[in-house]
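Visitor: What follows is a structure written as structure tokens; I'll ask about it next.
The values are calculated or read from the model by the stated rules, or taken from the named source; none is laboratory data. If you're wondering where the values come from, they're calculated on a predicted model, not measured in any experiment. FYI the Cβ positions are ideal-geometry reconstructions off the backbone, even for glycines, and counts take in every protein chain you see. Accessible surface is based on the protein model in full, side chains and every heavy atom, while ligands, DNA and RNA are left aside. Shrake-Rupley method; radii C 1.70, N 1.55, O 1.52, S 1.80 Å.
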Amino acid sequence: MKLLVCVSKTPETTAKISFSGDNTQFNEAGVQFIMNPYDEWYALVRALELKEKAGGSVTILNVGPAANDTVIRKGLAIGADNAVRIDAEPKSSLFVAKQIAAHAKEEGYDMVFLGKETIDYNGSEVGGMVAELLGQPYISFATAMEVNGNTATITREIEGGVEVAEVDTPFVLSASKGLAEQRIPNMRGIMMAKRKPLKVVAATDATDLAVVASYELPPAKSAVKLIDPENMDELVRLLSEEAKVI
Amino acid sequence: MVLVYAESPKGKFKKSAFEAVTYGHKTAQVLGTQCVALTLGDAENAGQLGKYGAAKVVSVGDAALNNFDSQVHAAVIADAAKAVGASVIVVSHSSSGKALLGRLAARMDAGSVSAAKAVPTNDGGFKVKTNVFSGKAIAEYQINSANKVLSLMGNAIQPEEVGSDVAVEAVSVTVPASRVAIKEVKTVEGTVPLPEAELVVSAGRGMKGPENWGIIEDLATTLGATTACSRPVADTGWRPHHEHVGQTGVAVRPNLYIAAGISGAIQHLAGVNSSKVIVVINKDPEAPFFKAADYGVVGDLFDVVPRLNDALKKYKANS
Ligand SMILES: Cc1cc2nc3c(=O)[nH]c(=O)nc-3n(C[C@H](O)[C@H](O)[C@H](O)COP(=O)(O)OP(=O)(O)OC[C@H]3O[C@@H](n4cnc5c(N)ncnc54)[C@H](O)[C@@H]3O)c2cc1C
């Protein structure tokens, strides 16, 4: 099976979020970047498991500048066979999706994996876009997948439960918690990653249709009101009369 | 024209559908146009969407649409938009809505904003706000294309009744064959799913073990709340994965979030910081969660939680 895993780079989860240039730019100074956890922990690992069982190849794809190569190398260290970086600044979801789709159309993958969302922009958009551009089915929020020949049986999260769907390749899938278990790259993987192919290709033409105009930080919380642990009647009174939430 | 896809799982609208129509109506007002609601598959009493501001309701009643397939649904919604002349589409930010958002944006070559949290403004550009960095910041997007697709975050605005029932018209659209076969649907009845819950009782490692969760469940039952937990609690199997709240779990935005025995790590806060009111119960007065809380109780949760439950029962009995 020929598998593609799309990975993105996000600020580390404890990163301090601040903005510069009159609140139009995310301030990257001092921020450490990681591979988006949903891409790394679930999408990539499930793809590797499929390859280990049935053979084939796992390619990882990133749309981004050269600075993203460290994240891509980590994916190779975890076990992907090769990587492609489409050299462009990923400013909007549809722009990124068009880049991925152009590559995938050329290569013809059996499955395209993505994480269910990135932990920075939380958009959850790119998977659906890629599927539409490729004219393929899209199974989002997959928590489990069994593959038999060309048919995949996928469990996906829906409101208040799960749904089990059957779909034939080719298709696009977004990965949620449960699809696989995180793998930590070992020394051998890290050494091998250095020699695995990372191809850099030019971007195809596409415009950014929706862009961030400005950022703001949420209003600061007022100080906590401490309640005597012996007096829960008082907490209930405040929740009812002051906060009006019960 | 603004077209709102009003989801009707199992033939019934949920609050999120009324929120979406209210939002579509307000967006139409900003643009000086009208809002049309669209239903797919079974949708009981669809005319009621008029109450929330839909000038009319159009429907594609084909029973095949009762099963969700983003490819089929997106094709039908895009064609319906063409039929009614809509260039702005609103969907709920639900599990289906999230899949539709991207497909519709690609299909219509539209700028899109995911999980919009406020009505757009149209003053020198069409702009919409949404949370980014897991709720640690807010971004205002500008959409520059003629076609626009938005998904509306749950509980961001309340449904508003502004009109009365309207007529439902069938719209003729071809429903393509689905390539996805739904084999089974397993939903828990009787509890509100976490992303939609207005009241949440959550607990962490301070609970010491899964056998102690009775007091949390009792409190949730008294309140009519949904239960949640921190990540290590789900990872060690004390609680099911779907209860895991935070940056790498479910994001919630209830009116009330009660956290017992959770330290309030930044990754946990990322999933709960949009809650209207946060109550923290922790025996450590230095726990970081108190900085994000509205009300705090410094004490042993094994005493405090049952006491709070008793106080709530008393309150419920008297009100
Ligand atoms: C990349 C990454 C992603 C992550 N994503 C998430 C996420 O999505 N969600 C998430 O929750 N975490 C996430 N985490 C983990 C997070 O950093 C914390 O480790 C986790 O939230 C801590 O869980 P906890 O508060 O239940 O446990 P602890 O931090 O161990 O806190 C337990 C708390 O209980 C209190 N306590 C103990 N006994 C009592 C008692 N008897 N009465 C009252 N209070 C008591 C203690 O004072 C303490 O504050 C992530 C971590 C990483 C690195």
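Visitor: Leaving out ligands, DNA and RNA, calculate the buried accessible area for the pair B and A with a 1.4 Å probe, summed over both sides, in Å² to the nearest 100.
Guide: Accessible area lost upon association: around 6800 Å².
Visitor: In the Gaussian network model of chain A, springs joining C-alpha atoms below 10 Å, which of A:ALA223, A:ALA80, A:ALA66 carries the largest mean-square fluctuation?
Guide: A:ALA223
Visitor: Work out the mean other chain Cβ neighbour count within 10 Å for the residues of A:151-159 and drop it here as an integer.
Guide: Average neighbour count from other chains, rounded to a whole number: 5.
Visitor: May I pose another question? Once phi is turned into ³J(HN,Hα) by the Karplus curve 6.51 cos²θ - 1.76 cosθ + 1.60 with θ = phi - 60°, what whole-Hz value does each residue of segment B:181-190 show in order, with x for glycine and proline?
Guide: Listing the rounded values in order: 9, 7, 8, 6, 10, 10, 10, 7, 8, x Hz.
Visitor: Another question about this same structure. Choose one answer from A:SER140, A:SER92, A:SER176: the residue with the largest mean-square fluctuation in a GNM of chain A with alpha-carbon springs under 10 Å.
Guide: So, out of A:SER140, A:SER92, A:SER176, the one fluctuating most is A:SER92.
Visitor: Please report the net charge: other residues with Cβ closer than 13 Å to the Cβ of A:VAL245, K and R +1, D and E -1.
Guide: Combined, the nearby Lys, Arg, Asp and Glu give 0.
Visitor: Name the residues whose placed amide hydrogens come within less than 5 Å of the amide hydrogen of A:PHE19, ignoring near sequence neighbours (fewer than 5 apart) on the same chain.
Guide: Amide H neighbours of A:PHE19: A:ASN27.
Visitor: If you don't mind, there's one more thing I want to ask. Answer with one residue from B:ALA137, B:ALA197, B:GLY224: the one whose Cα lies farthest towards the positive end of the charge dipole of chain B, charges on Cβ with Lys, Arg +1 and Asp, Glu -1.
Guide: Of the listed residues, the answer is B:ALA137.
Visitor: To continue, here is another question. Restrict the search to segment B:1-47; then list the trypsin sites (Lys or Arg not before Pro) that DSSP places in a loop and that have at most 12 other Cβ atoms within 10 Å of their Cβ.
Guide: Those that pass, being in a loop and sparsely packed, are B:LYS12.
Visitor: Between B:LYS316 and B:LYS291, how many nm apart are label points set 7 Å from Cα along the C-beta direction?
Guide: Once both label points are built, they end up 3.5 nm from each other.
Visitor: Now, a different point. Distance check, please: which entries in B:LYS15/B:LYS51; A:LYS177/B:LYS117; A:LYS16/B:LYS98; A:LYS177/B:LYS183; B:LYS283/B:LYS313; A:LYS9/B:LYS117 exceed 18 angstrom between their Cα atoms?
Guide: Cα-Cα > 18 Å for A:LYS177/B:LYS117; A:LYS16/B:LYS98; A:LYS177/B:LYS183; B:LYS283/B:LYS313; A:LYS9/B:LYS117; rest within.
Visitor: May I pose another question? Could you work out how far apart the two model spin labels at B:ALA146 and B:THR174 are, taking each label as a point 7 Å from the Cα in the direction of the beta carbon, and quote it in nm?
Guide: About 2.3 nm, to one decimal.
Visitor: Related question: Springs between alpha-carbon pairs under 10 angstrom, Gaussian network model over chain B: which of B:PRO193, B:PRO120, B:PRO232 fluctuates most?
Guide: B:PRO232
Visitor: Let me ask something else. How many nm separate the modelled label positions at A:GLU216 and B:THR191, each set 7 Å beyond the Cα in the direction of the Cβ?
Guide: So the two model labels end up 3.6 nm from each other.
Visitor: On a 0 to 90° scale, report how tilted helix A:93-107 is relative to the longest principal axis of chain A, with both axes built from alpha carbons and the result rounded to the nearest 10.
Guide: That helix lies at roughly 20 degrees to the long axis.
Visitor: Also, I was wondering about something else. Suppose only helical runs count, i.e. DSSP H with n ≥ 4. What mean residue ellipticity at 222 nm does that imply for chain B under -39500 (n - 2.57) per run, divided by all residues and rounded to the nearest 500 deg cm²/dmol?
Guide: -8500 deg cm²/dmol
Visitor: Oh, and also: If you filter segment A:1-59 for GluC sites (Glu not before Pro), then keep DSSP loop positions with at most 14 other Cβ within 10 Å, what is left?
Guide: Within segment A:1-59, the qualifying GluC sites (Glu not before Pro) (loop, at most 14 other Cβ atoms within 10 Å) are A:GLU12, A:GLU28.
Visitor: Leaving out same-chain residues fewer than 8 places away, which aspartates and glutamates sit with a Cα under 16 Å from that of A:LYS105?
Guide: Within the straight-line limit of under 16 Å, A:LYS105 reaches these aspartates and glutamates: A:GLU132, A:ASP205.
Visitor: List the aspartates and glutamates whose Cα sits under 17 Å from the Cα of A:LYS225, skipping any in the same chain fewer than 8 residues away.
Guide: A:ASP233, A:GLU234, A:GLU241, A:GLU242, B:ASP284, B:GLU286, B:ASP294
Visitor: Report, ordered by chain and residue number, the aspartates and glutamates lying within cross-link reach of A:LYS116, taken as a straight Cα distance under 14 Å and ignoring same-chain residues fewer than 8 apart.
Guide: A:ASP39, A:GLU40, A:GLU125, A:GLU157
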